[in-house]
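To keep things clear, I will list the structure first and then write my remarks on it.
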Amino acid sequence: MMNIIIPLVSLTLLIVVLPPYLFFKYILAILRPIFSEDLMGKVVIITGASSGIGERMAYDYASRGARLALVARREGRLQSVASIATLLGCKDVITITADVSKVEDCQRFVDKTINYYGRLDHLVNNAGVAPVCMFGETPDLTKFVSAMDINFWGSVYATHFAIPYLKKTKGKIIVISSAATWLPVPRLGLYSATKAAVTSFYETLRVEIGKEVGITIVSPGLTESEMTQGKFLTSRGTLELDQEMRDVEMSMTPMMPAKETAKAIVNSACEGAYYLTVPTWIRSLYYWHAFIPEVLEWSNRLLIMPRPGSTDRDTISKKIVEVLYGLRPCLQPGIVEYPDIGDNGHMSYSHY
């Protein structure tokens, strides 16, 4: 009976409820910027703040007068980001060297922030790594355990310790998930799984805590970062720069500047948005995943999977990238491409 009744009721409600619901959301989207949160003097923790989206978010929050607690593993990079944030108008900034995969470090940076500022308004869970491998060709899966520890547990630990303080200020949690949760890209299966876990956890947490703490789940496409420059977690369990693999995996996809991504995230958080997908065109791929998943799977297999009998880097996507690099001086005469051969033998390109 349920198999018959529920689909009919759901379809009827969809037809009746969806149009006014979408109209209401449209009106709300227009009004949200008017009531956007003023960040002057607010306290913000940003993990993974030493580069990429985290670094750019630090600058955007700083320009709006927020007070920052910047968290990452690289102390030197954090100090540099803190200096720039101060020049951009940050009222106060502290840096905390920590590894989010360690629960004691997460408790320490939350406690240090509270001890220094006395409050917490935004928690930005941004730290992450990307394991890249063919699942069947991975000799030791335990080398990738750190991806789950950082991407998922790093967010969960920090959230656990921050929630009591965020409830007091009616604060917000901003969590960086990924569009990879609905895009079946070869070699990114483990990364996609960690981000899918992040999305599922925070959607459930939103139900549990209601309106006490706002939660904005961000699903970026490709954005300028060390990750999209080719810094991946390898099967050896180490972070290594592999620009050739970057070309195989992602260079066909337009990349959004980190500055624009950061600004969109901070705006959405201040407006109380539930979800943000950037760039906007990436959202359309979700509908591909929902309605024509076979086509999405076929296209990714065709472009990104290696041909039978070839190396894992011999893909159509890489050949297209090489052709485009070759044509670029003709299409854009002001740009000359010089190939750089790194110590590892991988080719990258410098723009002049």
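The values are calculated or read from the model by the stated rules, or taken from the named source; none is laboratory data. Since this is a predicted model, take the numbers as computed values, not measurements. Cβ: placed from backbone, ideal geometry, glycine included. Neighbour counts: every protein chain shown. These area figures cover heavy atoms from the full protein model, side chains too; ligands, DNA and RNA do not enter into them. Shrake-Rupley method; radii C 1.70, N 1.55, O 1.52, S 1.80 Å.
Quick notes on this one:
- Dipole size of segment 160-286 about its Cα centre, with +1 on Lys/Arg Cβ and -1 on Asp/Glu Cβ: approximately 540 debye, rounded to the nearest 20.
- Glu240/Leu302 FRET efficiency (R0 30 Å; Cβ-Cβ; nearest 0.05): 0.65
- Charge dipole (segment 63-214, unit charges on Cβ, about Cα centre) - positive-most of Ser177, Ala82, Leu205: Ala82
- Share antiparallel - DSSP beta bridges, segment 35-289, percent rounded to 5: 10 percent
- Spin-label proximity, Gln229 to segment 254-269 - amide N less than 14 Å from point 7 Å beyond Cα toward beta carbon: 258-259
- Relative contact order [Cα under 8 Å, 6+ residues apart], the chain, whole percent: 15 percent
- The simple spin-label model puts a point 7 Å past each Cα toward its Cβ; for Arg283 and Leu14 those points are separated by 1.9 nm.
- Cα gyration tensor of segment 33-142 - equivalent ellipsoid semi-axes, whole Å, descending: 29, 16, 14
- Cα-Cα pairs of segment 1-66 separated by more than 14 Å (percent): 74 percent
- Between segment 300-315 and segment 224-284, the C-alpha centres lie 23 angstrom from each other.
- Subtracting the Cα-Cα distance of Tyr274 and Lys91 from their residue separation scaled by 0.36 nm leaves 63.1 nm.
- For segment 120-177, the share of alpha carbon pairs falling in successive 10 Å distance bins from zero is 22, 39, 22, 12, 5 percent.
- Quarter of Cα convex hull surface for the chain, i.e. mean projection, nm²: 21.6 nm²
- Accessible-area rank, largest first, for Leu88, Leu120, Leu285: Leu88, Leu285, Leu120, with all protein chains present and a 1.4 angstrom probe.
- Seen from a random direction on average, the alpha-carbon convex hull of segment 193-243 projects onto 4.9 square nanometres.
- Helix runs (DSSP H) in the chain reaching 15 Å along axis by Cα, Kyte-Doolittle at least 1.6: 2-31
- Taking the chain as a Gaussian network of alpha-carbon nodes connected by springs under 10 Å, the highest mean-square fluctuation of the residues Ser225, Ser51, Ser83 belongs to Ser83.
- Extent along principal axes [Cα atoms of segment 187-274; Å; largest to smallest]: 45, 28, 19
- Site pair Tyr116 and Asn3 shows an inter-label distance of 5.9 nm when each label is modelled 7 Å from Cα along Cα→Cβ.
- For the chain, the mean residue ellipticity at 222 nm estimated from helices alone is -15500 deg cm²/dmol, where every DSSP H run of n ≥ 4 contributes -39500 (n - 2.57) and the total is divided by all residues, rounded to the nearest 500.
- Top of Ser178, Ser284, Ser36 by mean-square fluctuation, Gaussian network on the chain, Cα under 10 Å: Ser284
- Net charge dipole size for the chain [Lys, Arg +1 and Asp, Glu -1 on Cβ; Debye, nearest 20]: 980 debye
- Surface accessible to a 1.4 Å probe, Leu18 within the full protein complex, Å²: 70 Å²
- Taking a straight Cα-Cα cut-off under 27 Å and skipping sequence neighbours fewer than 8 places away in the same chain, the lysines within cross-link reach of Lys102 are Lys42, Lys112, Lys143, Lys167, Lys168, Lys170, Lys172, Lys195, Lys231.
- Each of Tyr117, Ala147, Met250 was placed along the dipole of the chain (beta-carbon charges, centred on the mean Cα), and the one lying farthest toward the positive end is Tyr117.
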